[in-house]
């Protein structure tokens with residue numbers, strides 16, 4: 001089972017903006033089905049097939065693009081080239097019918113034909129070529145097969161060490177050198193990169209013509225410039241990345257079409273009530289994880305394995321199996337990392353901790369200050385939605401932990417405008433909160449020359465297993481823009497309701513050049529320490545008197561979470577239910593199933609009682625922004641996912657887990 005780490009369009013645009021040398025895109029999905037139909041995202045594309053995806057990618061890709069996967073005929077190559085690919089990568093078909101490479105080179109030119117060679121190194125050191133996404137052993141030796149594909153007409157070889165794929169163990173230099181020394185065509189090495197120093201090793205020691213990687217470019221800030229810098233530091237002559245160049249435009253440029261969506265939505269919302277609907281042609285039946293209660297159509301990137309388990313459960317299983325010795329090793333890694341960034345002369349704080357004042361914020365500060373002995377600067381974005389208990393918890397942090405604390409509170413009229421606009425555009429009035437808390441701590445880090453920012457657990461790793469426990473992902477601009485901002489950057493709102501660029505200063509992320517020069521990193525300590533929110537909450541209550549909500553929430557049974565924002569557990573979460581048919585109770589129940597403190601049957605009953613509830617805090621929000629409940633409902637209804645919801649007898653209905 002593969003991880004769904006996000007939208008390929010936003011990832012490729014980020015790489016394209018860096019002026020990356022070349023992109024290799026491999027479609028290894030078993031079904032020719034790529035579904036990004038989420039009406040609350042800025043980046044979308046029509047259709048659901050491989051070619052639909054390729055056409056959409058070509059619009060944001062301004063670098064040579066090699067595309068592989070599902071190539072079985074000359075027509076497959078032709079349509080991919082016509083859709084925007086510059087080269088086609090061929091693997092399984094070449095193994096089955098070697099003459100296919102010769103015919104492809106004759107018809108389209110060798111420069112268009114890349115032979116992909118997946119190699120597995122057995123325990124006895126023997127190398128073997130595999131095909132069909134690494135599932136079929138061929139009996140071929142990679143050096144002999146490389147020489148054969150060159151003779152057949154391939155113009156390049158993409159050499160992937162599949163036993164090292166995702167391992168972060170570094171390239172298999174011996175394999176690369178043996179293949180590169182046998183052929184005269186370019187060899188592109190792949191598989192195993194875990195550090196930037198691995199890139200020059202693949203070129204210098206492995207003699208590869210080029211080196212490639214996946215994970216490291218997805219999981220870290222400024223990863224491509226840092227990889228290039230490592231190669232240049234090793235004396236390799238290559239084109240540098242100019243992060244301050246005039247052609248680097250990191251923030252998206254929005255056109256009339258983007259802003260017209262809001263006007264169209266308002267027009268739909270002001271019309272007659274929607275008609276009854278039936279299953280649409282591209283609907284896929286909603287299914288639920290066989291272990292927890294997550295639906296396959298969710299707000300978080302979700303994948304299911306052949307047994308029907310979601311990746312979140314699989315990653316939780318991996319985390320629960322980590323030995324005490326491994327946690328000790330990870331704690332040592334964290335200690336070494338913190339010591340590296342600790343202020344040596346006392347001229348600055350040791351790190352920035354992004355805090356909301358919740359139980360996780362207290363736990364992070366406790367660990368960094370009281371266990372590791374650092375002097376942190378706490379930074380808070382105040383979205384004006386605190387519960388009384390949440391505000392008291394926030395105010396107590398500087399006293400309890402004896403730390404400096406910056407709380408940034410934007411003007412209330414600006415917040416009202418952003419609430420209304422974001423609700424209309426993306427069905428999420430809390431855009432400003434998500435973007436504020438992921439931007440402001442990094443701004444403060446740059447302004448105060450503090451290169452390390454501390455976050456808690458990676459939310460998507462915890463919820464949906466978006467990353468593995470060995471990936472160690474860090475906060476990045478792309479992650480913030482795609483997942484927290486939904487593709488809508490601060491400049492999208494400038495000019496609407498009189499909002500100016502100055503108004504949006506707290507939402508403006510530091511430039512790539514500033515991040516690069518200071519070597520800013522945003523680490524998640526959940527990668528290094530065993531993270532279990534229930535245990536952390538109880539510990540903070542016992543140690544410091546952390547205050548939980550004195551009354552239950554309407555939409556979940558937990559009372560320790562989201563005290564910093566009454567709408568996160570309330571109307572904001574209700575909108576998730578409107579869109580996807582599930583809510584915060586599902587999130588909490590899935591975590592508790594994985595932690596072993598709730599059964600699936602108990603979770604189903606909880607979900608049945610909470611997920612559908614329309615919360616009381618909606619009245620506060622409506623008064624805050626000057627809307628009516630009918631106005632809210634009509635706009636919310638325009639975001640209902642047609643794969644989940646349908647109209648029946650004048651009501652919105654959906655399939656439910658307890659009826660399945």
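The values are calculated or read from the model by the stated rules, or taken from the named source; none is laboratory data. Quick caveat: nothing in here was measured; it's all calculated off a predicted structure. Positions of Cβ are backbone-derived with ideal geometry, glycine not excepted, and every protein chain shown enters the neighbour counts.
Just one of the listed residues (148, 156, 128, 75) is assigned by TED's automatic domain parsing to the domain that holds residue 46, at pLDDT 95 or above and surrounded by 22 or more Cβ atoms within 10 Å (Cβ to Cβ), namely 156.
Any residue that is farther than 20 Å from residue 147 by Cβ and either not assigned by TED's automatic domain parsing to the domain that holds residue 58 or not in a loop (DSSP other than H, G, I, E, B) (or both) - is there at least one of those in segment 108-125? Yes, segment 108-125 has at least one match. In segment 376-399, of all residues being over 23 Å from residue 551 (Cα atoms) and under 30 Å from the mean Cα position of the chain (by Cα), the one that is surrounded by the fewest Cβ atoms within 10 Å (Cβ to Cβ) corresponds to 377. Taking the numbered list (1) under 15 Å from residue 470 (Cα atoms); (2) in contact with a helix residue (DSSP H, G or I) (Cβ under 7 Å, 6 or more places away or on another chain) in turn, residue 305 passes all entries but (1).
For every residue, the table says whether it meets (1) surrounded by 15 or more Cβ atoms within 10 Å (Cβ to Cβ); (2) in a helix (DSSP H, G or I); (3) more than 24 Å from the chain's Cα centre (by Cα).
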site: 313; (1), (2), (3): yes, yes, no
site: 319; (1), (2), (3): yes, yes, no
site: 322; (1), (2), (3): no, no, no
site: 328; (1), (2), (3): no, yes, yes
site: 332; (1), (2), (3): no, yes, yes
site: 336; (1), (2), (3): no, yes, yes
site: 344; (1), (2), (3): no, no, yes
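Which of the residues that make up segment 131-142 are crowded, with 19+ Cβ neighbours inside 10 Å and not in a strand (DSSP E or B)?
Within segment 131-142, the subset crowded, with 19+ Cβ neighbours inside 10 Å is 131, 142.
Residue satisfying the conditions is 142 alone.
Which of the following residues is under 29 Å from the mean Cα position of the chain (by Cα) and at pLDDT below 80: 284, 291?
Values: 291 fails: at pLDDT below 80.
Of 284, 291, the one residue that is under 29 Å from the mean Cα position of the chain (by Cα) and at pLDDT below 80 is 284.
When the helices (runs of 4 or more DSSP H) confined to segment 448-544 are screened for residues that are closer than 27 Å to residue 389 by Cα, those reaching at least 1 such residues are found at 459-464, 533-544. Mind checking whether some residue in segment 565-578 is under 24 Å from the mean Cα position of the chain (by Cα), in contact (Cβ under 8 Å) with a residue 24 or more places away in the chain and either more than 23 Å from residue 381 (Cβ to Cβ) or surrounded by fewer than 21 Cβ atoms within 10 Å (Cβ to Cβ) (or both)? Yes, segment 565-578 contains a residue that is under 24 Å from the mean Cα position of the chain (by Cα), in contact (Cβ under 8 Å) with a residue 24 or more places away in the chain and either more than 23 Å from residue 381 (Cβ to Cβ) or surrounded by fewer than 21 Cβ atoms within 10 Å (Cβ to Cβ) (or both). Inside segment 22-51, can you point out the residues that are touching a helix residue (DSSP H, G or I) at 6+ places or on another chain (Cβ under 9 Å) and not in a loop (DSSP other than H, G, I, E, B)? Listed by number, the residues that qualify are 23, 25, 50, 51. Among the residues of this structure, residue 186 counts as one that is under 21 Å from residue 25 (Cβ atoms) and either under 25 Å from the mean Cα position of the chain (by Cα) or not assigned by TED's automatic domain parsing to the domain that holds residue 460 (or both). Does residue 23 fit the bill of being without any contact (Cβ under 8 Å) to a residue 60 or more places away in the chain, in the same structural domain as residue 117 (by TED's automatic domain parsing) and either in contact with a strand residue (DSSP E or B) (Cβ under 9 Å, 6 or more places away or on another chain) or farther than 24 Å from residue 160 by Cα (or both)? Against the criterion (without any contact (Cβ under 8 Å) to a residue 60 or more places away in the chain, in the same structural domain as residue 117 (by TED's automatic domain parsing) and either in contact with a strand residue (DSSP E or B) (Cβ under 9 Å, 6 or more places away or on another chain) or farther than 24 Å from residue 160 by Cα (or both)), residue 23 qualifies. Among all residues of segment 251-263, there is none that is modelled with pLDDT of 80 or more, within 30 Å of residue 192 (Cα to Cα) and not assigned by TED's automatic domain parsing to the domain that holds residue 467. Quick check on residue 209: is it touching a strand residue (DSSP E or B) at 6+ places or on another chain (Cβ under 6 Å), assigned by TED's automatic domain parsing to the domain that holds residue 109 and surrounded by fewer than 19 Cβ atoms within 10 Å (Cβ to Cβ)? So residue 209 passes the test. Within the set 491, 534, the sole residue that is out of contact with any helix residue (DSSP H, G or I) (no Cβ under 7 Å at 6 or more places or on another chain), touching a residue at least 60 places away in the same chain (Cβ under 8 Å) and closer than 30 Å to residue 470 by Cα turns out to be 534. Counting only residues that are in contact with a strand residue (DSSP E or B) (Cβ under 7 Å, 6 or more places away or on another chain) and either assigned to a loop (DSSP other than H, G, I, E, B) or over 16 Å from residue 478 (Cβ atoms) (or both), segment 214-250 holds 2 of them. Inspection of segment 43-59 identifies at least one residue that is under 24 Å from residue 492 (Cβ atoms) and touching a residue at least 60 places away in the same chain (Cβ under 8 Å).
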